[in-house]
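Structure first, commentary second.
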Amino acid sequence: MPITPADDYLIHQTPYPVDRVATSDRNFYDRYFFNGYAPGGDVYFGVAMGQYPNLGVTDAAFSVAFEGRQRVVRASQRLGADRLATAVGPIRVEVVRPLRELLVRVEPNAYGIEAELRFTARAIPVEEPHFFRLAGNVPVMDYTRMTQHGTWSGWLRVDGREWRLEGAPWWGSRDHSWGIRPVGGRDPRGAPPQEPPQFFWNWAPVNFPDLCVLATVSELADGTRWHESGVILRPFPAEEAVEAEVATQLRFRSGTRWLQSAVVTLTPKGGGEPLAIEFEPLTTFLMKGLGYGEPTWGHGIWVGEAAVDGTEYEVAKEQPLQNLHVQQLSRVRAGGQEGLGVFEILAVGPHAPSGFRELLDPAP
């Protein structure tokens with residue numbers, strides 16, 4: 001294995017150069033995710049970039065939603081030896097100050113989307129509890145994720161129409177996750193599963209003027225939780241995070257598995273008043289625009305040596321039951337404050353607390 005610039009840092013976790021990971025599992029990945037939204041909630045953008053060392057692929061996507069449309073530019077290419085090379089096609093991510101400031105650029109391309117966006121952290125990062133899930137006796141999830149709230153500055157342009165991220169704050173959040181999670185194409189592992197597919201997942205990072213909040217739960221078909229994280233933070237200069245228990249009340253839009261409304265209550269584990277957060281969805285963002293579940297441009301799928309592509313979705317014409325994985329930009333209210341945040345949901349298969357009994361039955 002070649003020596004690369006990353007090997008000059010005191011970061012090694014194995015006896016090998018950094019470009020070789022400790023596991024041979026094909027599904028090992030390392031990924032950035034970002035989102036951001038206009039103060040009025042009328043513009044939303046998302047960014048994803050991943051490396052898949054055991055597949056030899058790296059990919060990225062940038063997608064912006066406004067006026068009922070969702071525009072996408074995406075790129076994929078062969079992963080080189082240098083793990084610090086975080087540029088795929090026209091999309092680039094630069095760590096300016098670790099855990100404080102990152103830069104996202106989208107260079108001019110044939111799909112009309114350009115950007116230069118600077119993420120500045122509002123609060124300390126949150127390390128969520130480790131994710132681990134088995135399918136039978138085979139680990140299918142074994143990864144760590146860090147989530148952080150922030151403010152965006154810079155500019156964003158679609159077909160010459162420009163938004164300057166200034167004045168009232170453009171808030172957002174980011175995560176960085178790494179480990180084993182299903183990526184790429186189908187991964188046959190011998191005997192077929194005995195149970196039908198089931199996955200119920202919520203992730204809700206929220207920004208208020210004086211508060212940052214994260215709530216996330218993953219549940220089995222009967223509602224039993226196999227993962228949960230609730231955190232209440234104050235913006236800098238505060239350096240503490242209050243861990244909380246999470247309770248959710250979800251109402252689904254009829255005929256879909258998308259939210260109509262939600263109340264998420266965080267109760268501090270050390271004692272204190274519960275914080276009840278009301279969610280009013282404003283915009284639905286299709287996560288397939290960032291490669292999540294997209295059949296051709298899914299994460300880690302080989303598309304070509306240097307492939308760049310773009311598309312547009314008219315969200316009102318998309319079938320909700322064919323787009324189960326969404327982020328819903330929401331107006332949020334809690335404790336006399338009003339803010340913005342996202343409620344991400346992926347609900348596949350039965351989930352008794354929500355009234356779902358089959359693979360894809362919708363809310364009544």
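The values are calculated or read from the model by the stated rules, or taken from the named source; none is laboratory data. Predicted model only: the values in this text are computed from it and were never measured. Here the Cβ is made from the backbone with ideal geometry for all residues, glycine too, and neighbour counts use every protein chain on show.
Observations, loosely collected:
Residue by residue, here is whether (1) small (Gly, Ala, Ser); (2) modelled with pLDDT under 95; (3) touching a strand residue (DSSP E or B) at 6+ places or on another chain (Cβ under 9 Å); (4) surrounded by fewer than 18 Cβ atoms within 10 Å (Cβ to Cβ) holds:
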site: Val140; (1), (2), (3), (4): no, yes, yes, yes
site: Gly150; (1), (2), (3), (4): yes, no, yes, no
site: Glu166; (1), (2), (3), (4): no, yes, yes, yes
site: Gly172; (1), (2), (3), (4): yes, no, yes, no
site: Ser177; (1), (2), (3), (4): yes, no, yes, no
site: Pro182; (1), (2), (3), (4): no, yes, yes, yes
site: Gly185; (1), (2), (3), (4): yes, yes, no, yes
site: Gly190; (1), (2), (3), (4): yes, yes, yes, yes
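- So Glu318, is it without any contact (Cβ under 8 Å) to a residue 40 or more places away in the chain and charged (D, E, K, R): yes
- Residue satisfying all of: in the range 77-126; over 21 Å from Val18 (Cα atoms) and of a type in the set (Ser, Thr, Tyr); surrounded by the fewest Cβ atoms within 10 Å (Cβ to Cβ) among these: Thr120
- Output for the range 131-165, where each listed residue is part of a strand (DSSP E or B), of a type in the set (S, T, N, Q) and either farther than 30 Å from Gly112 by Cβ or without any contact (Cβ under 8 Å) to a residue 40 or more places away in the chain (or both): Thr144, Thr147, Thr151, Ser153
- Test: residue in the range 353-364 that is in contact with a Leu (Cβ under 7 Å, 6 or more places away or on another chain), hydroxyl-bearing (Ser, Thr, Tyr) and within 26 Å of Ala215 (Cα to Cα): yes
- Flag if Glu94 is at pLDDT below 95 and part of a strand (DSSP E or B): no
- Every residue from the range 307-364 that is in a helix (DSSP H, G or I), under 15 Å from Thr284 (Cα atoms) and under 23 Å from the mean Cα position of the chain (by Cα): Val315, Ala316, Pro320, Leu321, Gln322
- If the condition is being closer than 19 Å to Val303 by Cβ and in contact with a Gly (Cβ under 9 Å, 6 or more places away or on another chain), then the range 33-50 contributes Val47, Ala48, Gly50.
- The range 59-83: number of residues that are in a loop (DSSP other than H, G, I, E, B), modelled with pLDDT of 95 or more and in contact with a Ser or Thr (Cβ under 7 Å, 6 or more places away or on another chain): 1
- Residue tally, condition acidic (Asp, Glu) and within 18 Å of Gly112 (Cβ to Cβ), over the range 285-330: 3
- Screening the candidates Gly56, Gly40 for the property of being surrounded by fewer than 17 Cβ atoms within 10 Å (Cβ to Cβ) and farther than 23 Å from Arg164 by Cα yields one hit, Gly56.
- Test for Glu219: is it without any contact (Cβ under 8 Å) to a residue 60 or more places away in the chain and charged (D, E, K, R): no
- Test: residue in the range 14-27 that is within 21 Å of the chain's Cα centre (by Cα) and in a strand (DSSP E or B): no
- Enumeration of residues in the range 16-44 that are closer than 30 Å to Ala6 by Cα and either at pLDDT 95 or above or among the hydrophobic types (A, V, I, L, M, F, W, C) (or both): Val18, Val21, Ala22, Phe28, Tyr29, Asp30, Arg31, Tyr32, Phe33, Phe34, Asn35, Gly36
- Qualifying residues in the range 228-277 (those that are of a type in the set (D, E, K, R) and in a loop (DSSP other than H, G, I, E, B)) - the one surrounded by the most Cβ atoms within 10 Å (Cβ to Cβ): Arg257
- Residue in the range 75-92 that is of a type outside the set (Ser, Thr, Tyr), free of Cβ contacts under 8 Å to residues at least 40 places away in the same chain and closer than 24 Å to Val342 by Cβ present: yes
- Criterion (out of contact with any strand residue (DSSP E or B) (no Cβ under 6 Å at 6 or more places or on another chain), small (Gly, Ala, Ser) and free of Cβ contacts under 8 Å to residues at least 40 places away in the same chain) met by exactly one of Gly349, Gly293: Gly293
- Pair list, Cβ under 7 Å, 6 or more apart: the range 105-128 residue farther than 20 Å from Thr86 by Cα, other residue charged (D, E, K, R) and surrounded by 20 or more Cβ atoms within 10 Å (Cβ to Cβ): Glu128/Arg145
- Those residues of the range 156-174 which are more than 20 Å from Tyr32 (Cβ to Cβ) and aromatic (Phe, Trp, Tyr), in sequence order: Trp163
- Filter result for Asp59 (acidic (Asp, Glu) and more than 18 Å from the chain's Cα centre (by Cα)): no
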